[in-house]
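First comes the structure, then the notes that go with it.
The values are calculated or read from the model by the stated rules, or taken from the named source; none is laboratory data. As the structure is a computational prediction, the values presented were derived from the model and not from experiment. Positions of Cβ are generated from backbone atoms using ideal geometry, with glycine treated the same way; all protein chains shown enter the neighbour counts. Side chains are part of the model used for accessible areas, which takes the heavy atoms of the whole protein and leaves out ligands, DNA and RNA. Shrake-Rupley method; radii C 1.70, N 1.55, O 1.52, S 1.80 Å.
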Amino acid sequence: MKKRVYSSVLIVLLLAILFVLKIFVSDYFFDAFFGIIACIASFEMSRLLSKTKRYNFQILSVIFPALILACHLICAHYASALGDIYWILWAILIDFALMLVVLAGTFLIQLIRKKKVLEEMTTRDVKNMSVAKFAFKKCLNTLIVFVYPAFFFLFMVFVNHMGDLPLSKLTDVAVDFSIFILMTAILIPMFSDTFAMLTGSLIGGKKLCPRISPGKTISGTVGGAVWTLLLMSAVWLIFANINGFDFMWSSFPIWAYLIIVLIGVGIAVAGDLFESILKRHSGVKDSGRLVPGHGGILDRIDSYIFIAPYIMLAFWIFAL
């Protein structure tokens, strides 16, 4: 428990430093942080799949998130420079085009290096399967890692640069509204997870999904949602009373914000449960050991993987 507390404090301090750097220096510190996290989480996901004999190209799994990061940064820049928000949609198309090109090239290389593939199949004791089928299945499994977690999680880049995007309700805003949006994306899973654990341990009661995550209770989930709504209300009030953010009183009422938050809590819980299914299927308790008391990076960002595209879409709809 002590390790978990110490790790949590360090994570909060790191995020605080990144927010200070974002406000006073550059948005790109958060981008670099998200890229590193995506690479490590993809490595852990690659290992989880391998444990279930869903073999994949681990090196590609670790490297490819950097390509997605570059694509998102370039498209966010052009969306801002050209005043065309639909560059974000181009980014999604380019992401999948890159996935297909990289995996198609990898598949062809595997066919050319047939001897090496046969050696791998022998080492892994893969029988009754052709080289082409084995290589194709590895490519499909690698595609899973490209999408989850890398593709979904790196929507955090767009959230981070939302203040630069040509969104009609934000064009005349004098402050960087992305600070508020990014803080919302980060705090929802953090509050809901923390207070769900505290409430559940105090009240106990019926399990939410005993076969998937035995530690989660219905009381904890409800308590986490209630506390998250209360605390995010305080966040909204703090920002709305800061000079430059006062437009929120008329343009972005608190009731609309709390609807976004409540849906976000549900998505965060679903993301956590989804990763629990993956770990249970892989026969492991944690995705890794990088964060003492918490497990792996994938364990820490499981909620953010689905929160990132949701927050981007929710605020995009609001600001158009």
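Looking at region 67-76 only, could you name the residues that are open to solvent by 50 Å² or more (accessible area, probe 1.4 Å) and either under 18 Å from residue 313 (Cα atoms) or touching a helix residue (DSSP H, G or I) at 6+ places or on another chain (Cβ under 6 Å) (or both)?
Our first condition is that a residue be open to solvent by 50 Å² or more (accessible area, probe 1.4 Å); within region 67-76, this holds for 67, 74.
Listed by number, the list holds a single entry, 67.
Report yes if some residue within region 286-294 is free of Cβ contacts under 8 Å to residues at least 40 places away in the same chain, in contact with a strand residue (DSSP E or B) (Cβ under 8 Å, 6 or more places away or on another chain), surrounded by 13 or more Cβ atoms within 10 Å (Cβ to Cβ) and within 30 Å of residue 180 (Cβ to Cβ); otherwise report no. Can you show your working first?
Keep residues of region 286-294 that are free of Cβ contacts under 8 Å to residues at least 40 places away in the same chain, which gives 286, 289.
From the residues that got through so far, the ones that are in contact with a strand residue (DSSP E or B) (Cβ under 8 Å, 6 or more places away or on another chain) too are 286, 289.
Narrowing the set further to residues that are surrounded by 13 or more Cβ atoms within 10 Å (Cβ to Cβ) leaves 286.
Adding the requirement that they be within 30 Å of residue 180 (Cβ to Cβ) leaves none.
Within region 286-294, none of the residues are free of Cβ contacts under 8 Å to residues at least 40 places away in the same chain, in contact with a strand residue (DSSP E or B) (Cβ under 8 Å, 6 or more places away or on another chain), surrounded by 13 or more Cβ atoms within 10 Å (Cβ to Cβ) and within 30 Å of residue 180 (Cβ to Cβ).
Table: residues versus (1) within 16 Å of residue 315 (Cα to Cα); (2) touching a residue at least 60 places away in the same chain (Cβ under 8 Å); (3) open to solvent by less than 40 Å² (accessible area, probe 1.4 Å).
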position: 204; (1), (2), (3): no, no, yes
position: 226; (1), (2), (3): no, no, no
position: 230; (1), (2), (3): no, no, no
position: 233; (1), (2), (3): no, no, yes
position: 253; (1), (2), (3): yes, no, yes
position: 264; (1), (2), (3): yes, yes, yes
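Taking region 1-32 as the search range and keeping residues that are of a type in the set (S, T, N, Q) and farther than 29 Å from residue 175 by Cα, which one is least open to solvent (accessible area, probe 1.4 Å)? Lay out the reasoning, then the answer.
Within region 1-32, the subset of a type in the set (S, T, N, Q) is 7-8, 26.
With the extra rule that they be farther than 29 Å from residue 175 by Cα, the set shrinks to 7-8.
Details: 7: 12, 8: 42 Å².
Going through the qualifying residues, I end up with 7.
Scan region 210-219 for residues that are open to solvent by less than 40 Å² (accessible area, probe 1.4 Å) and under 19 Å from residue 277 (Cα atoms) and report the count.
2
Considering (1) open to solvent by less than 30 Å² (accessible area, probe 1.4 Å); (2) touching a residue at least 60 places away in the same chain (Cβ under 8 Å); (3) in a helix (DSSP H, G or I), say which one residue 60 fails and leave the rest.
Condition not satisfied by residue 60: (1).
Yes or no: residue 258 closer than 27 Å to residue 171 by Cα, assigned to a helix (DSSP H, G or I), touching a residue at least 24 places away in the same chain (Cβ under 8 Å) and not β-branched (Val, Ile, Thr)?
Numbers: closer than 27 Å to residue 171 by Cα: yes; assigned to a helix (DSSP H, G or I): yes; touching a residue at least 24 places away in the same chain (Cβ under 8 Å): yes; not β-branched (Val, Ile, Thr): yes.
Against the criterion (closer than 27 Å to residue 171 by Cα, assigned to a helix (DSSP H, G or I), touching a residue at least 24 places away in the same chain (Cβ under 8 Å) and not β-branched (Val, Ile, Thr)), residue 258 qualifies.
Tell me which of these residue 288 doesn't satisfy, since it passes every other one: (1) part of a helix (DSSP H, G or I); (2) touching an Asp or Glu at 6+ places or on another chain (Cβ under 9 Å).
Single failed check for residue 288: (1).
Any residue that is more than 30 Å from residue 133 (Cα to Cα), surrounded by fewer than 19 Cβ atoms within 10 Å (Cβ to Cβ) and hydrophobic (A, V, I, L, M, F, W, C) - is there at least one of those in region 33-50? Give the derivation first.
First, pick out the residues of region 33-50 that are more than 30 Å from residue 133 (Cα to Cα): 33-37.
Right, trim to surrounded by fewer than 19 Cβ atoms within 10 Å (Cβ to Cβ) and you get 33, 36.
When the remaining residues are screened for being hydrophobic (A, V, I, L, M, F, W, C), the result is 33, 36.
Yes, the conditions are met somewhere in region 33-50.
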